[in-house]
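Heads up, the thing below is written out as structure tokens.
What follows draws every value from the coordinates through simple rules; no lab data is involved. Being a predicted model, the structure only gives us computed values, none of them experimental.
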């Protein structure tokens with residue numbers, strides 16, 4: 001019997017495939033999730049399997065698989081009637097993507113004779129990375145015992161609770177592209193970066209004699225940006241480039257010529273958004289292996305345990321001086337302690353400059369730019385991780401933001417883009433030859449898109 005609110009209903013334990021009359025004793029297994037499902041362009045799960053049996057060690061579990069394609073209605077609802085010799089139900093709910101386990105939930109409950117009860121099983125994104133002990137399951141309260149036989153299930157009223165909603169995530173084409181007003185009258189504004197709340201916007205500018213780090217602020221995410229100011233405690237006599245603010249606004253990364261090598265990555269921190277910045281500290285990512293490395297473009301993971309960056313570093317026996325993208329893991333509580341960098345080969349092409357890496361908040365997509373050796377221009381790319389391997393797939397050129405160059409005086413550099421947590425807004429810089437002065441000018445642009 002299919003209910004109007006969902007796709008599942010069965011007298012699983014008592015009746016087999018032939019079905020049975022509606023029984024007064026039932027448990028309605030209601031499955032909800034705040035994970036993205038098809039037809040979203042970036043689904044996190046594509047299959048849900050509900051297995052029901054008499055107990056955790058029973059060998060006769062009945063399985064109901066649901067291939068998610070957008071036609072199903074959430075919550076998913078399964079009616080379960082007890083077998084004659086049992087008054088317990090063990091529900092094991094599994095969600096997968098491309099055949100790989102994403103999350104699972106368990107619950108061991110009792111039927112109430114003559115009554116219909118409801119078991120709500122929530123597949124929560126906060127539980128995806130959670131590891132519970134045997135006999136436990138992850139809920140909104142963390143890991144709890146999956147044995148709920150002494151708990152009283154809510155009565156089934158004929159209508160399931162409201163479905164959960166996945167956080168907004170945009171995946172459409174980028175539109176509504178415009179230049180940020182605070183950068184319009186400058187010859188060189190580059191390397192935009194912003195906090196997750198969209199209230200602070202950092203960039204590099206040569207409004208002084210050399211590139212320095214500047215910041216513009218605003219009171220709300222839809223307000224105009226205030227007048228930019230140079231970041232105190234960061235600006236110095238040396239060139240500062242590629243500033244990157246952490247999502248919480250407490251760490252500021254940038255590249256500078258004041259390190260041991262040609263250019264190093266520096267880090268400055270602050271206790272709160274109102275606190276002053278600390279004295280910048282250089283990261284020695286290569287253990288002084290080379291004095292000609294140029295490290296830049298930090299893209300910090302949301303958990304702060306890893307980061308991407310770009311570098312022209314070459315190990316012994318390697319040739320060339322183009323930039324590649326590397327990833328490195330933090331080895332201590334101090335943000336200056338890092339392990340050995342590893343080249344990300346899937347997004348690093350020999351002979352091309354792959355730079356400006358920035359990971360999505362869940363780490364499943366990498367935004368970056370590539371400067372082409374054949375034309376000299378730079379374009380924006382995005383690569384998505386393959387669920388089964390964890391490696392990035394073939395990078396995709398973002399054509400709606402990348403202008404194709406046409407001749408030596410018509411070279412465009414779209415580069416250094418940052419994307420909001422919901423991936424609905426992006427900032428990037430565009431460098432081009434001014435047709436009047438024939439000088440290179442660079443300004444910061446914003447682009448938005450819909451789900």
Inset, instruction - Return a whole-number percent for the relative contact order of the chain, with Cα pairs under 8 Å and 6 or more residues apart as the contact set. - result: 12
Inset, instruction - With a ≥ b ≥ c taken as the square roots of the eigenvalues of the C-alpha gyration tensor of the stretch 86-218, please select rounded if a/c is under 1.5 and otherwise prolate if a/b is larger than b/c or oblate if it is not? - result: prolate
Legend entry - Equivalent ellipsoid semi-axes, the stretch 12-155, via Cα gyration tensor eigenvalues times 5, rooted, Å: 25, 18, 13
Legend entry - Gyration tensor (alpha-carbon) shape descriptor, the stretch 175-448, a/c threshold 1.5: rounded
Legend entry - Value of relative contact order over the stretch 12-155, rounded to a whole percent, pairs C-alpha under 8 Å and six or more apart: 28
Legend entry - Computed [θ] at 222 nm, helices only, for the chain once each DSSP H run of length n ≥ 4 contributes -39500 (n - 2.57): 0 deg cm²/dmol
